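S.K.: I have a structure here, written as C-alpha coordinates, and I will follow up with some questions on it.
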Amino acid sequence: QVQLVESGGGLVQPGESLRLSCAASGSIFSFYAMGWYRQAPGKQRELVATITSGGKINYADAVKGRFIISGDNAKDTLYLQMNSLKYEDTAVYYCYAGLRLSDATVNSYWGQGTQVTVSS
(Lines give C-alpha, C1' and ligand atoms only; values in the text may rest on other atoms or scores of the structure.)
Protein backbone atom coordinates (compact mmCIF):
# COMPACT_ATOMS: atom_id res chain seq x y z
CA GLN A 1 0.00 0.00 0.00
CA VAL A 2 2.21 2.78 1.28
CA GLN A 3 5.76 2.55 0.02
CA LEU A 4 8.74 4.78 0.61
CA VAL A 5 11.82 4.20 -1.51
CA GLU A 6 15.06 6.02 -0.79
CA SER A 7 17.81 6.62 -3.30
CA GLY A 8 20.86 8.78 -3.77
CA GLY A 9 23.17 7.33 -1.17
CA GLY A 10 26.76 6.57 -1.91
CA LEU A 11 30.40 7.13 -1.04
CA VAL A 12 31.64 10.69 -0.75
CA GLN A 13 34.62 12.50 0.71
CA PRO A 14 34.41 14.84 3.71
CA GLY A 15 33.19 18.27 2.72
CA GLU A 16 31.31 17.04 -0.32
CA SER A 17 27.56 17.07 -0.88
CA LEU A 18 24.93 14.46 -1.56
CA ARG A 19 21.19 14.58 -2.17
CA LEU A 20 18.87 11.83 -1.02
CA SER A 21 15.44 11.22 -2.49
CA CYS A 22 12.42 9.45 -1.05
CA ALA A 23 9.73 8.49 -3.54
CA ALA A 24 6.32 7.87 -2.00
CA SER A 25 3.64 5.64 -3.48
CA GLY A 26 0.99 8.21 -2.63
CA SER A 27 0.80 11.95 -2.39
CA ILE A 28 3.30 13.19 0.15
CA PHE A 29 0.80 15.87 1.07
CA SER A 30 -1.47 13.17 2.50
CA PHE A 31 1.04 12.60 5.30
CA TYR A 32 0.92 14.78 8.37
CA ALA A 33 4.68 14.62 8.62
CA MET A 34 7.66 13.24 6.77
CA GLY A 35 11.30 13.15 7.58
CA TRP A 36 14.71 11.60 7.48
CA TYR A 37 16.29 9.45 10.15
CA ARG A 38 19.65 7.74 10.20
CA GLN A 39 21.24 4.81 11.93
CA ALA A 40 24.92 4.09 12.26
CA PRO A 41 26.15 0.56 13.08
CA GLY A 42 25.57 -0.27 16.72
CA LYS A 43 23.66 2.93 17.36
CA GLN A 44 20.03 3.94 17.73
CA ARG A 45 18.10 5.38 14.86
CA GLU A 46 18.09 9.14 15.24
CA LEU A 47 16.16 12.00 13.77
CA VAL A 48 17.85 14.05 11.09
CA ALA A 49 15.12 16.36 9.85
CA THR A 50 11.34 16.48 9.65
CA ILE A 51 8.80 18.50 7.75
CA THR A 52 5.07 18.77 8.37
CA SER A 53 2.32 19.08 5.79
CA GLY A 54 2.20 22.74 6.72
CA GLY A 55 5.86 23.23 5.91
CA LYS A 56 7.25 23.39 9.43
CA ILE A 57 10.81 22.07 9.46
CA ASN A 58 12.95 20.79 12.29
CA TYR A 59 16.60 19.75 12.15
CA ALA A 60 18.78 17.83 14.50
CA ASP A 61 21.47 20.04 15.99
CA ALA A 62 24.16 17.91 14.40
CA VAL A 63 22.99 18.73 10.88
CA LYS A 64 21.55 22.21 11.30
CA GLY A 65 23.08 24.60 8.82
CA ARG A 66 24.38 21.79 6.64
CA PHE A 67 21.33 19.73 5.62
CA ILE A 68 18.16 20.89 3.90
CA ILE A 69 14.89 18.95 3.82
CA SER A 70 12.31 19.68 1.16
CA GLY A 71 9.43 18.09 -0.67
CA ASP A 72 8.04 18.16 -4.18
CA ASN A 73 4.32 17.46 -4.19
CA ALA A 74 4.20 17.20 -7.97
CA LYS A 75 6.72 14.36 -7.86
CA ASP A 76 5.58 12.86 -4.53
CA THR A 77 9.18 12.98 -3.45
CA LEU A 78 10.97 14.06 -0.30
CA TYR A 79 14.56 15.26 -0.49
CA LEU A 80 17.47 15.67 1.84
CA GLN A 81 20.27 17.87 0.58
CA MET A 82 23.39 17.11 2.59
CA ASN A 83 26.23 19.59 2.41
CA SER A 84 29.62 19.73 4.09
CA LEU A 85 29.43 16.06 4.93
CA LYS A 86 31.44 14.77 7.87
CA TYR A 87 32.68 11.33 8.88
CA GLU A 88 30.01 11.19 11.58
CA ASP A 89 27.29 11.51 8.94
CA THR A 90 28.04 7.97 7.82
CA ALA A 91 24.88 5.93 8.36
CA VAL A 92 21.93 4.29 6.72
CA TYR A 93 19.39 7.00 6.04
CA TYR A 94 15.70 6.19 6.27
CA CYS A 95 12.70 8.05 4.97
CA TYR A 96 9.76 8.37 7.35
CA ALA A 97 6.13 9.23 6.82
CA GLY A 98 3.29 9.55 9.28
CA LEU A 99 -0.29 9.08 8.18
CA ARG A 100 -3.09 10.20 10.44
CA LEU A 101 -5.87 7.61 10.61
CA SER A 102 -7.92 9.35 13.29
CA ASP A 103 -7.60 12.07 15.88
CA ALA A 104 -5.56 9.77 18.10
CA THR A 105 -4.07 7.24 15.69
CA VAL A 106 -1.11 7.69 13.37
CA ASN A 107 0.50 5.05 11.18
CA SER A 108 4.23 5.25 10.67
CA TYR A 109 5.95 4.13 7.49
CA TRP A 110 9.61 3.63 6.75
CA GLY A 111 11.68 3.20 3.65
CA GLN A 112 14.28 0.48 3.23
CA GLY A 113 17.16 2.85 3.78
CA THR A 114 20.04 4.09 1.69
CA GLN A 115 23.68 3.95 2.72
CA VAL A 116 25.69 7.13 3.01
CA THR A 117 29.40 6.69 3.60
CA VAL A 118 31.71 9.62 4.17
CA SER A 119 35.32 8.57 3.81
CA SER A 120 38.60 9.98 2.59
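The values are calculated or read from the model by the stated rules, or taken from the named source; none is laboratory data. Since we're looking at a predicted model, the values are computed, not measured. Heads up, the Cβs are rebuilt from the backbone with ideal geometry, glycines too, and the neighbour counts pull from every protein chain shown. Quick note on the areas: whole protein, heavy atoms, side chains included, nothing else; ligands and nucleic acids left out. Shrake-Rupley method; radii C 1.70, N 1.55, O 1.52, S 1.80 Å.
S.K.: Which lysines, if any, have their Cα less than 24 Å from the Cα of K86, not counting same-chain residues under 8 positions apart?
M.R.: K43, K64
S.K.: To the nearest 10 Å², what's I57's accessible area with a 1.4 Å probe?
M.R.: Near enough 70 Å² of accessible area.
S.K.: Right, something else. Could you compute the FRET efficiency for V5 and S119, with r as their C-beta to C-beta distance and R0 at 22 Å, rounded to 0.05?
M.R.: FRET efficiency, V5 to S119: 0.30.
S.K.: Name the lysines eligible as straight-distance cross-link partners of K75: C-alpha to C-alpha under 25 Å, and not fewer than 8 places from it in the same chain.
M.R.: List returned: K56.
S.K.: Same structure, new question: Taking 7 Å along the Cα-to-C-beta vector as the label spot, tell me the N58-V106 distance in nanometres, rounded to one decimal.
M.R.: Result: 0.8 nm between the two label points.
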